[in-house]
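The values are calculated or read from the model by the stated rules, or taken from the named source; none is laboratory data. Worth saying up front: this structure is predicted, and the values here are computed from it rather than measured. As a convention, Cβ positions derive from the backbone with ideal geometry for all residues, glycine included, and neighbour counts pool all protein chains shown.
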Amino acid sequence: MHALREAFAAVRRAPLLTALSAAMVALALFVVGLFGLVAHNLHLTLDRIEDRVEVVAYLRDDVRSEELAITEQELTALPEVDRVRYVSKDDALIQARQEMSEFQELFADLEFNPLPASLELALVPGNRDPETVARISEQVGLYPFVEDVRYGEEWVERLFLLRHMAGITAGVLGAGFALVAALIIATAIRIAIFARREEIFVMRLVGAKDGFIRRPFLLEGLFTGLVGGLFAVLLTYSAYAAVYSLIFPLEWLPPEWVLFGVLVGGGFGLVASTFAVRRYLREV
Amino acid sequence: MIKLADVTKDFPKRGPPALQKVTFHIRKGEFAFLTGHSGSGKSTTLRLIHMAHRPTGGEVRVSGFSSALTSEREVWKLRRRVGMVFQDFRLLPSRTALENITFALEVTGTPRPQLIPRAQRLLSKVGLSSKAGSRAHELSGGEQQRVAIARALATEPLVLLADEPSGNLDERATRGVLELFHELNASGMCVLMATHDLDLVRRFPGARVLELNEGRLAYDSGAVS
Ligand SMILES: Nc1ncnc2c1ncn2[C@@H]1O[C@H](COP(=O)(O)OP(=O)(O)OP(=O)(O)O)[C@@H](O)[C@H]1O
Ligand SMILES: [Mg+2]
């Protein structure tokens, strides 16, 4: 009760500093929030696209059907492979005609079918990372009647790379802002302690417990962090809404991530003020 | 009640120790003056007893608390047994006399409904009931010191330490404060008062006198040889 009153008195005494501290926490968590948004959506997209990630082996025209049957069995037996589908030359042409209707005429005029037959390998979920896909492709390419193997190597790698870089960027920026936030919170606590130095002297004089003396400052830090966390959610949501309406639809973060982010803000404020209190209470 | 055994206090960057091998024992219910020139170590001694400082050598024992055994986290227990007042009062100037007392009561865990009645009782004990609503900085020096004494009594201590309490007071106010100390002493409280005013000490021939000289105990009227 006393601690709460004192904590809010401190906020009222230096509202600008509290706001600045909260804003820095908000910026730090905003960066992390943006990353979360990117990571979450990339993850969803990857999941969705990954269902279509297939290794396609184009076959020579002279492949024999017995060979093909054995190969299909062997490939299906691989633990990473979910299904194997054979697409004949004719199927390929039909598919091409459907998918590329603007070239309808071109396909219609053909005297012979230039498209190769192929085996399409769907991979088991969880085995769609660039390394596994590349390994399977290599394996498939060893069959003598396989002319060429394709998988969406570039964009699979690019998506993973994007996620990776977003993670690093968010980590570096977030840590930078977090450091600045910690310094500002520490300064705010230091000023609050200095403003209360007479009270603190009297409290110690008459025998108030250490925890009692510290609690208002810790609460101040916790409060600053929580407000910062809430602002970070607000900022992240604004970014989300802007991208959604201006660029392309996104998924909002899962609620437990949001709650976790706010709690991280509060925890961060608490930790920063714990260090500050330990350091600066000694000076008065 | 207060026992110093071979107590030495060194401050870094100060030549000789502020206190050197000081030994004395003040018993329960005693009234003692601690005298000596400026810089002789009076305030240092009181701070050691209040455990605001720790001795460099030797041991300070106060009301069952030993300087060697009491951790920083436990000092608050000692502080509730040992009250302290200063030359400059150290009140919260913008708060009223009553609020200065309720503050001390509140931060030491007095339940809310008891705050005001207990603070009023403490103020009447020091004869200041009529000034309860005055802000501390509007009170006279003597009145401020009485508020400070009432605050020091908030935790019902067994010992009262006073560091030059009359330093900022005129003759009349000084007499008032000392009468108050004597009343408290008569009701069983141990009082240790630091002062360099030897005239004051002479007016209380019955009191114990300890004299410090350059950090050493030069005289002790109550020493058992
Ligand atoms: N925190 C400190 N750091 C360094 N030196 C100190 C400290 N406190 C006291 N001293 C030194 O210890 C010596 C004794 O100081 P102390 O305050 O105990 O004297 P005193 O007898 O109370 O003097 P006064 O009558 O002027 O109050 C002084 O020389 C002082 O400079
Ligand atoms: Mg002194």
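To keep it simple, each residue is scored yes or no on (1) over 18 Å from A:Met203 (Cα atoms); (2) among the hydrophobic types (A, V, I, L, M, F, W, C); (3) touching a Gly at 6+ places or on another chain (Cβ under 6 Å); (4) in the same structural domain as B:Arg151 (by TED's automatic domain parsing).
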{"position": "B:Ser63", "(1), (2), (3), (4)": "yes, no, no, no"}
{"position": "B:Ala68", "(1), (2), (3), (4)": "yes, yes, no, no"}
{"position": "B:Glu74", "(1), (2), (3), (4)": "no, no, no, no"}
{"position": "B:Thr96", "(1), (2), (3), (4)": "no, no, yes, yes"}
{"position": "B:Phe103", "(1), (2), (3), (4)": "no, yes, no, yes"}
{"position": "B:Val107", "(1), (2), (3), (4)": "no, yes, no, yes"}
{"position": "B:Arg112", "(1), (2), (3), (4)": "no, no, no, yes"}
{"position": "B:Arg118", "(1), (2), (3), (4)": "no, no, no, yes"}
{"position": "B:Leu123", "(1), (2), (3), (4)": "yes, yes, no, yes"}
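Considering region A:40-65 alone, what residues qualify as being assigned to a helix (DSSP H, G or I) and either modelled with pLDDT of 85 or more or within 30 Å of A:Leu161 (Cβ to Cβ) (or both)? Show your work before the answer.
Narrowing region A:40-65 to residues assigned to a helix (DSSP H, G or I): A:40-50, A:65.
Correct list: A:His40, A:Asn41, A:Leu42, A:His43, A:Leu44, A:Thr45, A:Leu46, A:Asp47, A:Arg48, A:Ile49, A:Glu50.
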If you scan region B:21-73, which residues turn out to be assigned to a helix (DSSP H, G or I) and of a type in the set (Ser, Thr, Tyr)?
-> B:Ser43, B:Thr44, B:Thr45
Having 2 or more residues that are farther than 22 Å from B:Ile101 by Cβ is the bar; report the helices (runs of 4 or more DSSP H) wholly within region B:119-225 that clear it.
-> B:171-186, B:198-202
Options B:Ser94, B:Ser38; residue that is more than 11 Å from chain A (Cβ to nearest Cβ) and either within 16 Å of ligand 2 (Cβ to nearest atom) or over 16 Å from B:Ala194 (Cα atoms) (or both) = B:Ser38
When (1) within 16 Å of ligand 1 (Cβ to nearest atom); (2) surrounded by fewer than 22 Cβ atoms within 10 Å (Cβ to Cβ); (3) of a type in the set (Gly, Ala, Ser) are applied to B:Ser67, the one that fails is (1)
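Answer yes or no as to whether B:Thr44 is away from ligand 2 (no atom under 16 Å from the Cβ) and hydroxyl-bearing (Ser, Thr, Tyr). Explain how you work it out, then say what you get.
On the way: away from ligand 2 (no atom under 16 Å from the Cβ): no; hydroxyl-bearing (Ser, Thr, Tyr): yes.
No, not satisfied.
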Note on region B:5-16: residues touching a residue at least 40 places away in the same chain (Cβ under 8 Å), more than 16 Å from ligand 2 (Cβ to nearest atom) and not hydrophobic (A, V, I, L, M, F, W, C) are B:Asp6, B:Thr8, B:Asp10, B:Pro16
Out of (1) over 30 Å from A:Val172 (Cβ atoms); (2) in contact with an Asp or Glu (Cβ under 9 Å, 6 or more places away or on another chain), the one A:Ala96 does not meet is (2)
Please determine, by comparing only the residues of region B:138-196 that are on the phi > 0 side of the Ramachandran plot and among the acidic types (Asp, Glu), which one is farthest from the other protein chains (Cβ to nearest Cβ).
-> B:Glu164
Which members of region B:39-57 meet the condition of being near ligand 1 (Cβ under 10 Å from one of its atoms) and either out of contact with any helix residue (DSSP H, G or I) (no Cβ under 6 Å at 6 or more places or on another chain) or hydrophobic (A, V, I, L, M, F, W, C) (or both)?
-> B:Gly39, B:Ser40, B:Gly41, B:Lys42, B:Ser43, B:Thr44, B:Thr45, B:Leu46, B:Arg47, B:Leu48, B:Ala52
